[in-house]
Amino acid sequence: MFRRRLAVFLAASLLAFTPALGSSAAPNDQPSTYEISGTTQPQRTAIARMGIDIHAVHGQVMTVGVTPREANLLKVAGYRLTLVPPPSREELANKYHSYTETQQAVKDAVTKYPAIAQASSVGQSYEKRDIPILRLTGAGTGDKPEVLFNCNQHAREHLTAEMCLHIIDRYTSGYGSDAEITKMVDSRIIWIIPMVNPDGIEYDNAGGGQRGWRKNRQGPGTDLNRNWGFKWGCCGGSSGSTSSETYRGTAAFSAPETQVLRDFVNSRVVGGKQRITAHIDFHTYSELVLWPMGYTTADTTPEVNADQAKTFQTLGRNMAATNRYTPEQSSDLYITDGSIIDWMWATHKIWSYTFEMYPTGAAGGGFYPPASVIDRETARNDAAVAMMLSYADCVPRVIGKTC
Ligand SMILES: [Zn+2]
């Protein structure tokens, strides 16, 4: 018993004074995927604060990518770790869109549907790649609420780009034939950004597409979804260590990719009013619908009053009922700070959600599921996307309020 306590104490001490657990491992210290069962929110937050690369959380099971050294530290600290064998990856090749193919898909949508689709660039990434954006809107005049869908802030989450491309395909090809789609395209302006992080995606794809790269390509890499400027670095929900997978950058908006996306969203304030009312930021994996705030476990905050919390919860649960994801406040997983959804809501009162797509765990392929699931897992969100669009004129309508 004493030995056990001593071991836990030593491990805790070691963790407390080890600031730089992260991905800058030696070549012989490559990460493997493990599941940690039976975790609570405080434990998950503690593990996140260690700088551990968290891949997914499903119920009490965390999936993490850790080096042998990190695995030992976690075991000594008393966590139950199970090694997940690497999935077979033969199906991956050439089915997921590269950056160039994604640019082409956006251009093709404009060529094929010039009456409703326009393409431009949000701005450039750190390595000077244009970040393409598609604007979709049809006939219909007057004040149109705007909805933003963005994908692939995190490079290795390739299924998300497919999700944005699926939305483009569905809302262009269905226009004029599907009544609900036609109504939404006519009455809304839909913005779609399939790849926020093209440098990271190109790096992850180089050499076979299995690097597990998450961040952008600025120096050691910044976690774009910890670089947003609301309560940046406030609360232990990101890392100051450059080697960490959740490195928050040198300052809020230090990453060119978050800067240009911020500037785009700011530019949608027209006549003193933010035109974008609703937003989904797609990630993988865990199968979750998440809402703000991430920086605190409190349901109501200075930014979110009781009606607003109820609105987030109700729409989140209603969307999750359609795709069978688990709905919860972002911080129910673990604390995050500097995330896009906290900024969207706190700065612009945009009803902003994170979707964590398929799978729930490493067994489904983790970040690299077989390409055979792309159609099924993107179509799985059709009803949720349609629901988000349908409430964009007045999201609090979902709890019976008027706007
Ligand atoms: Zn992500």
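Any read-out appearing in this document is the output of simple, stated calculations on the displayed coordinates, not a laboratory observation. Computed from a predicted structure; not experimentally measured. A quick note on method: Cβ atoms are made from the backbone with ideal geometry, for glycine too, and the neighbour counts reach across all protein chains shown.
Structure notes:
- Solvent-free Debye scattering, log10 I(q)/I(0), computed from the Cα coordinates of the range 61-141 at q = 0.14, 0.24 Å⁻¹: -0.74, -1.11
- With N counted as the residues of the range 117-228, its alpha-carbon radius of gyration over 2.2 N^0.38 Å works out to 1.21.
- Principal-axis tilt of helix 256-267 within the chain, Cα atoms, nearest 10 degrees: 40 degrees
- Convex hull projection area averaged over all views, the range 200-281, Cα basis, nm²: 6.6 nm²
- Nearest-ten-degree value, helix 306-323 long axis tilted from longest Cα axis of the chain: 90 degrees
- Stretch gain in nm, segment residue 297-residue 130, where the contour uses 0.36 nm per residue and the Cα spacing is subtracted: 56.5 nm
- Rg over Rh [alpha-carbon atoms, Kirkwood Rh] for the chain: 0.96
- Considering only 49, 324, 156, the Gaussian network model of the chain with Cα springs below 10 Å gives its largest mean-square fluctuation to 324.
- Using every pair of separate Cα atoms, the Kirkwood estimate puts the hydrodynamic radius of the range 212-335 at 16.1 angstrom.
- All-pairs Cα distance distribution in the range 290-403, expressed in whole percent, bin size 5 Å: 2, 11, 20, 22, 19, 14, 7, 4, 1
- Partners of residue 273 within straight-line reach, counting lysines whose Cα lies under 27 Å from its Cα and excluding those fewer than 8 residues away in the same chain: 144, 183, 231, 310, 349, 401.
- In the range 343-386, trypsin sites (Lys or Arg not before Pro) in a DSSP loop with at most 16 other beta-carbon atoms within 10 Å: 349
- Estimated vicinal HN-Hα couplings, Hz - the range 354-371 in sequence order (Karplus 6.51, -1.76, 1.60; Gly, Pro = x): 9, 9, 9, 7, 3, x, 7, x, 5, 4, x, x, x, 6, 10, x, x, 4
- Whole-Hz ³J(HN,Hα) from phi, Karplus 6.51 cos²θ - 1.76 cosθ + 1.60, for the range 210-222, glycine and proline x: 10, 6, x, 7, 10, 8, 7, 10, 9, x, x, x, 10
- Long-range amide H partners of residue 249 with built H, under 5 Å: 223
- Packing here is the average count of other Cβ atoms within 10 Å per residue, and on that basis the peptides 259-268, 383-392, highest first, run 383-392, 259-268.
- Neighbour-count order for 348, 283, 154, fewest beta carbons within 10 angstrom listed first: 348, 283, 154
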